[in-house]
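Report on one structure; see the data block that follows.
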Amino acid sequence: KADAGDRLRESDRQISRLQRELHELNDSRGQLEKKLKNLEQQSQELGVTLNQQQAQLEKLLYKQYLRGKPDSLQLLLIALTRAELMGEINATLDKKKSLAADAKERSKELAEVESEQQKRHADLKKQREERQALYAQISSKVSAQRKEIGNLQQNEKRMTQLIDRLSKILAA
């Protein structure tokens, strides 16, 4: 009985540990999904910014084309504006690249967490099945032992009756 109790308690501890780990993995997964969503939103916003910057550059180049031959001051202003816009566009592209790398890393982490979750689910299922088998085994043993006790009690009763009869016969 004590051995069976110990084994069941150990099984319960394993199940409890696996459930706790699954809960923690679920939290991690939620946080990673939130970060990925945030990164996606930032990337979309940067896409809009990039489109606006490119439109400004096109407008600037078109104005330059319409003016024909501008004087040196205009050329300098246009060149400065164009350089500034190109710098902004490059910075935006760099940010987008960095966000994409970050998102890729988070996706990888998320895949690892999901894989770990599946492993824990399988472990938990196995542990529950083992516990069920252990419980069935213990129940079967207890039934067999109760039956044996019943047989022994019947035997004891018959022996007692036999002894009583023999005692009476001997006394007679």
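The values are calculated or read from the model by the stated rules, or taken from the named source; none is laboratory data. All figures in this text were calculated on a predicted structure; none of them were measured in a lab. All Cβ positions, glycine included, derive from the backbone under ideal geometry; neighbour counts span all protein chains shown. Just so you know, the surface numbers come from the protein's heavy atoms only, side chains and all, with ligands and any DNA or RNA stripped out. Shrake-Rupley method; radii C 1.70, N 1.55, O 1.52, S 1.80 Å.
For the range 115-148, give me the residue count where each residue is touching a helix residue (DSSP H, G or I) at 6+ places or on another chain (Cβ under 7 Å) and either of a type in the set (D, E, K, R) or not in a helix (DSSP H, G or I) (or both).
Counting residues in the range 115-148 that are touching a helix residue (DSSP H, G or I) at 6+ places or on another chain (Cβ under 7 Å) and either of a type in the set (D, E, K, R) or not in a helix (DSSP H, G or I) (or both) gives 6.
Condition check ((1) in contact (Cβ under 8 Å) with a residue 40 or more places away in the chain; (2) of a type in the set (D, E)) across all residues:
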position: L60; (1), (2): no, no
position: K69; (1), (2): no, no
position: A79; (1), (2): no, no
position: E84; (1), (2): no, yes
position: K108; (1), (2): no, no
position: R120; (1), (2): yes, no
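Looking at (1) of a type in the set (D, E, K, R); (2) open to solvent by 100 Å² or more (accessible area, probe 1.4 Å); (3) under 23 Å from the mean Cα position of the chain (by Cα), which is the one condition that is false for R158?
So the condition that R158 fails would be (3).
Can you tell me which residue within the range 45-70, out of those that are in a helix (DSSP H, G or I) and more than 55 Å from the chain's Cα centre (by Cα), is surrounded by the most Cβ atoms within 10 Å (Cβ to Cβ)?
Per the criteria, the residue is Q64.
State yes or no: is L99 touching a Ser or Thr at 6+ places or on another chain (Cβ under 8 Å), of a type outside the set (V, I, T), surrounded by 11 or more Cβ atoms within 10 Å (Cβ to Cβ) and part of a helix (DSSP H, G or I)?
yes
Can you find a residue in the range 20-43 that is of a type outside the set (S, T, N, Q), surrounded by fewer than 16 Cβ atoms within 10 Å (Cβ to Cβ) and either in contact with a Ser or Thr (Cβ under 9 Å, 6 or more places away or on another chain) or within 30 Å of A144 (Cα to Cα) (or both)?
Scanning the range 20-43 turns up no residue that is of a type outside the set (S, T, N, Q), surrounded by fewer than 16 Cβ atoms within 10 Å (Cβ to Cβ) and either in contact with a Ser or Thr (Cβ under 9 Å, 6 or more places away or on another chain) or within 30 Å of A144 (Cα to Cα) (or both).
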